[in-house]
Amino acid sequence: MQNFTQLLKISFFVLVGGYIVLIALIYIFQSKLIYFPSKNVDINPKTIGLEYESIMFESNDKTKLHAWYIPKKDAKITLFFLHGNGGNISHRLDSIKFFNSLGMNVFIFDYRGYGNSEGNANEKNTYDDAKTAWRYLLKNKNIKDKDIILFGRSLGGTIAAKLGSELKPKAIILESTFSTTKELASDMFPFFPKFLIHFKYETTKYLKNINYPILIVHSEDDNIIPFKYGEAVFKNANEPKTFVKIRGDHNYGFIKSKHIYIPALKKFLQEIS
């Protein structure tokens, strides 16, 4: 009996010790669970038959950032594209082609650490880089705020919401995004204490200051950011707002559901025009 008790005590301390080590590792390497950049930019819009301009510009701290500008003849609207937490701009060619085909110029850039952009990403500089890219677009392409649609997918959605809460573009589109990092992390890592999560990315907070047209797109099959988060984002958005439900996984739902997705985008563009 005494041996059994000792075994239980040892097992308990092993489990507790393992838990503490796991929590410590997750805390230390949180950024590795948020950002998944790729440095390889092997293809570009020319690969899919689109004219484009490759651009390098500097952030406030002189970090060099890389962007593409894809023009559309006679376009009256420019789409400002904020991509998700994985890959780089070269992995968004399908979306670029969709948006360009709808008669819009497209401006897309890589956060620092992604693609050809220098540095390493963190929450503050993803916001700062977005604002710097916005200023570059206005100044160097002579485009006005009222002629720009903000578009953010996944993590880019919350960055778009933050930027959009401080500016007044023509409209904003949030696709496959989440309410807050803490809520999403609680679902993914229910054993991890919330107070140790140092990333905020509070989409629903930023939405309070957005009072222009917003389109929210989310797949009910999303395997990374569950559908309920799209519903939460919509619930917290101000009018005028529109919700579009698509099918398919997190990364390719917009392609699988293009028979829903493209008409919904066309309708939204008509409404805001």
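Just to be sure before I move on: is K46 at pLDDT 95 or above, in contact with a strand residue (DSSP E or B) (Cβ under 6 Å, 6 or more places away or on another chain) and not hydroxyl-bearing (S, T, Y) in the structure I sent?
It is false that K46 is at pLDDT 95 or above, in contact with a strand residue (DSSP E or B) (Cβ under 6 Å, 6 or more places away or on another chain) and not hydroxyl-bearing (S, T, Y).
For the subset of segment 228-265 comprising residues that are in a loop (DSSP other than H, G, I, E, B) and more than 16 Å from the chain's Cα centre (by Cα), which member is surrounded by the fewest Cβ atoms within 10 Å (Cβ to Cβ)?
E239
Does segment 136-143 contain at least one residue that is touching a residue at least 24 places away in the same chain (Cβ under 8 Å), outside any loop (DSSP other than H, G, I, E, B), under 23 Å from L265 (Cα atoms) and not polar (S, T, N, Q)?
Yes, some residue in segment 136-143 is touching a residue at least 24 places away in the same chain (Cβ under 8 Å), outside any loop (DSSP other than H, G, I, E, B), under 23 Å from L265 (Cα atoms) and not polar (S, T, N, Q).
Could you list, in sequence order, all residues of segment 212-227 that are surrounded by 23 or more Cβ atoms within 10 Å (Cβ to Cβ) and either in a loop (DSSP other than H, G, I, E, B) or aromatic (F, W, Y) (or both)?
I225
Could you list all residues from segment 207-263 that are free of Cβ contacts under 8 Å to residues at least 24 places away in the same chain and aromatic (F, W, Y)?
Listed by number, the residues that qualify are F227, F234, Y252.
The values are calculated or read from the model by the stated rules, or taken from the named source; none is laboratory data. Everything quoted here is computed from the prediction, not taken from an experiment. Glycine gets a Cβ as well: all are built from the backbone with ideal geometry, and neighbour counts include every protein chain shown.
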